[in-house]
Amino acid sequence: MIVCGDDGLARRLAAELRDVYRERVTLVAPATGEPEPSAARRPGLLGRVPVARGRSQAGPRPADDALRLLDAVEPDEEVLATAGVADAAALALVYEDDERNVRAALVARRLNPRLRLVIRLYNRKLGQHLEELLDQAALVAEPGIDLRELDSSTTVLSDADTAAPALAASAIVGTSKVIQADGLILRAVERQPPGRGEVADPGLCTLALLSATTNDPTGTEGSELSGARGPQLLPDDRAVTAATGRGIVALEAVAHERPAHERPAHRGRGLAPVSFPLSSLFSRRLNWSLAGIVAAVAALAIGAWVTTGDHPLHAAYITLLDLFAINDPAVEEPPERKVLQILAGFVGLLLLPVLVAAALEGLGAFRTATALRRPPRRLSGHVVLLGLGKIGARLLARLRELDIPVVCVESDPEARGVALARRLHVPVVIGDVTDEGVLEAAHIHRAHSLLAMTSSDITNLEAALYARSVKPEVRVVMRLYDDDFATAVYRTLRAAHPSALTRSRSVTHLAAPAFAGAMMGRQILGAIPVERRVLLFAAVDVAGHPELEGRTITESFRPGAWRVIALDTAAPDDRRPDLATDPGDDAAQTPVLVWDLHPGYVLKPQDRVVLAATRRGLAQLLGRGRVRTPGG
């Protein structure tokens, strides 16, 4: 396995492949000698592994090497060849620069047409086209490659897209975590602990037990090292029955249709729908002025009609000519006509400044529509989002899809998500969140949640502490890289504010399992975070797996490892290679997954199942009787 990257995701992914899947990994990363971001709080995953630096040490790996590090800034052809891409099973390109990943992917596909590629791209459309291009390139190089295997040989993922749903769900009470497979919607929800002596409703099945605490089970940042009091993934019925007083994550509903997004109970007040009727272009005073002039003109037209006996349309026409001073003077006309003409001229004089003011206000309104909005004065019940980088931009889009009112705070006016906020007409406060008054401008004292998503752990922590001092009960979700640092922060905040909800999430922690699973050649449908652990959903062929083949649904269940939750009923030749996408309207592509499996159903070699699995459980399953994939 080869991992190429320049940030925390590359190192987390390499550690995931080494520690969980027991693979030998070559990590291609720059060694600048400077502390990398979050270096002071980086987990010691790589510190315990002997690494080889420099290209001079890039020869054959000793049999006991778990991880080898190559110092390289650019993954050019020479670097990839030195890393052993010609004989590798899989290559992950996870640089933050999309262009660098694309160039390296094209080179790697040429060096090894059968290489399994996992590419990190922020641009979704480019990712779709790139998958097709690289698969076609492999077909041209080796026409005999099985197309069904080829479809899984190139996988384009985005850490931002992977983490955004979980981060949004963490900030909103009651928002479900959703996994979609072949049109089948799997919704997992956190349920609070029941009363003394009761057991939480398991729903369709219990996916996890939350940490052993009665005050704030959904906020406890339990990790894999938390022991028996930490979160337990995929417990059996005995463990669920014995875990009285603990919250659970339950599979609540399954449907073959997309559920409509429900408006949350904490709908913000003061954030009007985004629309621009004609009246909104002008001020109230100007609107009244225009209405008065229109009424005066109408009265003059009616007066001309009554006094002269002309047709109403002709009388209105004559009045407009008098209004704009383009009619002949009424010297020889009756007195009534002379008075009406003088009044019309006076109204015309009043109309000129009103038209000028209307033009200026309308121009200003259009300029404001293209500029950043300021938070409305009466806004409340909203989510304050700190940081509009790649993660913040995706999270903003996700929150607006859920119709959640948002106020953004960003220090860089040119940040990636600022343009998105302007397009969505979301209020933005430009300023450093650590400066006094910035969070107040975002109305943090009336906010429902705070999402601290900047790239600095210290900045996120400082913002959370300040928000707690302004509004102690505000819900806080922080982006923190290091598990140990996150645990210490959580314990401190909980001790100071025991009744408030606090959570920490690591984007690389949420994204790395999906990238690692894709490198192992399995269809990863999604991931659900359970505090600081992750539960994976994957599509697996039963053939070649003795833990599944010939066993019943009940017998195949491994508590804490994996659980069969759905069965693909399509014939092997008719199965869709990518279950994570919507099947569309084609009748031949209708959803074929079933979830209501009989416990006594015997799994056959030709079956394909959807598993809920822990990372180690999936690694254990893949390590035995692995089905052949394009990389080996």
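The values are calculated or read from the model by the stated rules, or taken from the named source; none is laboratory data. All of these numbers come straight from a predicted model, not from anything done at the bench. The area values use the complete protein model at the heavy-atom level, side chains included, leaving out ligands, DNA and RNA. Shrake-Rupley method; radii C 1.70, N 1.55, O 1.52, S 1.80 Å.
When the distances between all Cα atoms of the range 376-456 are binned every 5 Å from zero, what whole-number percent does each bin get?
For the range 376-456, the pair-distance distribution reads 3, 17, 32, 28, 17, 4, 0.
Go through Lys390, Lys125 and list them by solvent-accessible area, largest first, probe radius 1.4 Å. Mind showing how you got there, number by number?
Values: Lys390 40, Lys125 150 Å².
Final ranking, largest accessible area leading: Lys125, Lys390.
Given a 1.4 Å probe and the protein chains all in place, what does the accessible area of Val409 round to, in Å² to the nearest 10?
Per-residue accessible area (Val409): approximately 10 Å².
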